[in-house]
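The values are calculated or read from the model by the stated rules, or taken from the named source; none is laboratory data. None of the values given here were measured: they were computed from a predicted structure. Don't worry about glycine lacking a Cβ; one is built from the backbone with ideal geometry, like all the others, and counts go over all protein chains shown.
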Amino acid sequence: MRTYILLLVLTVIAFSSCKENRMHEHADWSKFYEAHGIKNACIIIRNNNHETIDYYNKERCLERYMPASTFKIFGSLVALETAAAPDEQWVIKWDSVQRREDCNKDLSLRDAFRASCYHYFKAIANKVGRPVLQHWLDTVKYGNMELGEEFDAAWVKDGNLKISADEQLGFVKRLYFNELPFSERSQRIVRSMMLWEDSTNYKLSYKTGTGEIGDNYIYWIVGYVERIEKVEEHEKSMNKANFRQYPYFFAQNFEMPKGDTSKDYFKIRVEILKEVLKAAGAMPQ
């Protein structure tokens, strides 16, 4: 019942927060996914300047799934805010356990975030402790706020912590504008760790995540893109840089069978995201 009520509230807040003429469904965006054999997918994009929402597959955008490694955005904020990691350069020594090659070394918070090393954030969760982690989940209202029995692995355990694409979008939007209940410093550092592409006409920031849901993998990518446009400012304008940044926030997920190794869906999720962002006018063609 609690989940049902929350989803009803979510629908009212997220999809009804914009007037109907500011919400746009794009059934044709299915082509970006179907080109790769993907059928179970959704994406939601918010154009912050025009307060419009563009989406594909509304029902899935409102359904909660495990956050997988996208949780590391939240986990990094908690680590910095509690000083479990005093800064992004704080190192956890490698325990000599063989994992992925890029995780088999001493790792700073920034390194672990960028390489998405699970064991680092498991250690952070244990250092913070369950009560403190639960406090921040409740304070932020992160997804269903349920840690389950294994609190230090809740984000990769199907059936425990869950969040919808719509909630992910709202979360990164608040992060972008320093509106989360964390210090400006913590939010600024995490935003810097999310930046992957910095060009002359856009900046793309995101966190990916992959997890097992039954016989499928879920592939997440959440974040924002800043479209940069040159402008001729008035001589008395406070903006002397002659360019402006227009943010678009997004959350995308899709599922594929675990046995499907025909394509690299880790890379494909980024490729599809860019195609959809271009279709939505958020990125240059």
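Scan the helices (runs of 4 or more DSSP H) fully inside segment 57-131 and keep the ones with 3 or more residues being without any contact (Cβ under 8 Å) to a residue 60 or more places away in the chain and among the aromatic types (Phe, Trp, Tyr). Write out each step before concluding.
Details: elements: 58-61, 71-82, 109-115, 118-128.
Helices (runs of 4 or more DSSP H) meeting the threshold: 118-128.
Note down all Cβ pairs under 6 Å where the first residue falls in segment 189-208 and is in contact (Cβ under 8 Å) with a residue 60 or more places away in the chain and closer than 16 Å to PHE71 by Cβ, the second is aromatic (Phe, Trp, Tyr) and in a helix (DSSP H, G or I), and they're at least six residues apart or on different chains.
The qualifying pairs are MET193/PHE113.
Report every pair of residues separated by at least 6 positions or lying on different chains whose Cβ atoms are under 7 Å apart, first residue within segment 140-152 and closer than 26 Å to SER183 by Cβ, second surrounded by fewer than 16 Cβ atoms within 10 Å (Cβ to Cβ) and of a type in the set (Val, Ile, Thr).
ASN144/THR3
Regarding ASP158, is this residue farther than 29 Å from ILE43 by Cβ and part of a loop (DSSP other than H, G, I, E, B)? Give the derivation first.
On the way: farther than 29 Å from ILE43 by Cβ: no; part of a loop (DSSP other than H, G, I, E, B): yes.
When the stated conditions are applied, ASP158 does not pass them.
Can you name every residue in segment 30-56 that is outside any strand (DSSP E or B), over 18 Å from the mean Cα position of the chain (by Cα) and in contact (Cβ under 8 Å) with a residue 40 or more places away in the chain?
PHE32, TYR33, HIS36, GLY37, ILE38, ASN49
Among the residues of segment 182-206, which ones are over 13 Å from PHE171 (Cβ atoms), touching a helix residue (DSSP H, G or I) at 6+ places or on another chain (Cβ under 6 Å) and not in a helix (DSSP H, G or I)?
SER205
When segment 155-188 is examined, which residues are found to be at negative phi and free of Cβ contacts under 8 Å to residues at least 40 places away in the same chain? Outline the logic, then answer.
Going through segment 155-188, the residues at negative phi turn out to be 155-158, 160-177, 179-188.
Passing the criteria: ARG174, PHE177, GLU179, GLU184, ARG188.
Looking at TYR224, TYR246, TYR217, which is the one that is among the aromatic types (Phe, Trp, Tyr), touching an Asp or Glu at 6+ places or on another chain (Cβ under 8 Å), outside any loop (DSSP other than H, G, I, E, B) and under 25 Å from GLY143 (Cα atoms)? If you could, list the steps in order and put the result at the bottom.
Numbers: TYR224 fails: touching an Asp or Glu at 6+ places or on another chain (Cβ under 8 Å); TYR246 fails: under 25 Å from GLY143 (Cα atoms).
From the options TYR224, TYR246, TYR217, the qualifying one is TYR217.
Based on this model, can you work out whether GLY129 counts as out of contact with any helix residue (DSSP H, G or I) (no Cβ under 6 Å at 6 or more places or on another chain), at positive phi and at pLDDT below 95?
Details: out of contact with any helix residue (DSSP H, G or I) (no Cβ under 6 Å at 6 or more places or on another chain): yes; at positive phi: yes; at pLDDT below 95: no.
Judged against the criteria, GLY129 is not a match.
Among the residues of segment 170-179, is there at least one that is within 20 Å of GLN252 (Cα to Cα) and not in a helix (DSSP H, G or I)?
Initially, segment 170-179 is screened for residues within 20 Å of GLN252 (Cα to Cα), giving 170-176.
Those left that are additionally not in a helix (DSSP H, G or I): none.
No, there is no match, as no residue in segment 170-179 is within 20 Å of GLN252 (Cα to Cα) and not in a helix (DSSP H, G or I).
Which one is surrounded by the most Cβ atoms within 10 Å (Cβ to Cβ) among residues in segment 146-173 that are hydrophobic (A, V, I, L, M, F, W, C) and closer than 27 Å to TYR56 by Cβ? Can you show your working first?
Step one: filter segment 146-173 for residues hydrophobic (A, V, I, L, M, F, W, C), giving 147, 151, 153-156, 161, 163, 165, 169, 171-172.
Next cut, closer than 27 Å to TYR56 by Cβ only: 155-156, 161, 163, 165, 169, 171-172.
Working: TRP155: 29, VAL156: 20, LEU161: 26, ILE163: 24, ALA165: 26, LEU169: 25, PHE171: 24, VAL172: 26.
Looking at residues that are hydrophobic (A, V, I, L, M, F, W, C) and closer than 27 Å to TYR56 by Cβ, I get TRP155.
When you scan segment 132-186, how many residues do you find that are within 24 Å of GLN245 (Cβ to Cβ), touching a Leu at 6+ places or on another chain (Cβ under 8 Å) and acidic (Asp, Glu)?
Looking only at that region, the number is 1.
Please state which of the following conditions ILE189 fails to meet, knowing it meets all the rest: (1) surrounded by 13 or more Cβ atoms within 10 Å (Cβ to Cβ); (2) modelled with pLDDT of 95 or more; (3) touching a strand residue (DSSP E or B) at 6+ places or on another chain (Cβ under 9 Å).
Of everything listed in (1) surrounded by 13 or more Cβ atoms within 10 Å (Cβ to Cβ); (2) modelled with pLDDT of 95 or more; (3) touching a strand residue (DSSP E or B) at 6+ places or on another chain (Cβ under 9 Å), ILE189 misses just condition (3).
Please indicate, with yes or no, whether at least one residue in segment 160-182 is modelled with pLDDT under 95 and in contact with a Gly (Cβ under 7 Å, 6 or more places away or on another chain).
Within segment 160-182, the first condition is being modelled with pLDDT under 95, and the residues that meet it are 160.
The next check asks that each one be in contact with a Gly (Cβ under 7 Å, 6 or more places away or on another chain); those that pass are 160.
Within segment 160-182, one or more residues are modelled with pLDDT under 95 and in contact with a Gly (Cβ under 7 Å, 6 or more places away or on another chain).
Please count how many residues of segment 89-109 are under 21 Å from SER192 (Cβ atoms) and either of a type in the set (A, V, I, L, M) or surrounded by 19 or more Cβ atoms within 10 Å (Cβ to Cβ) (or both).
4
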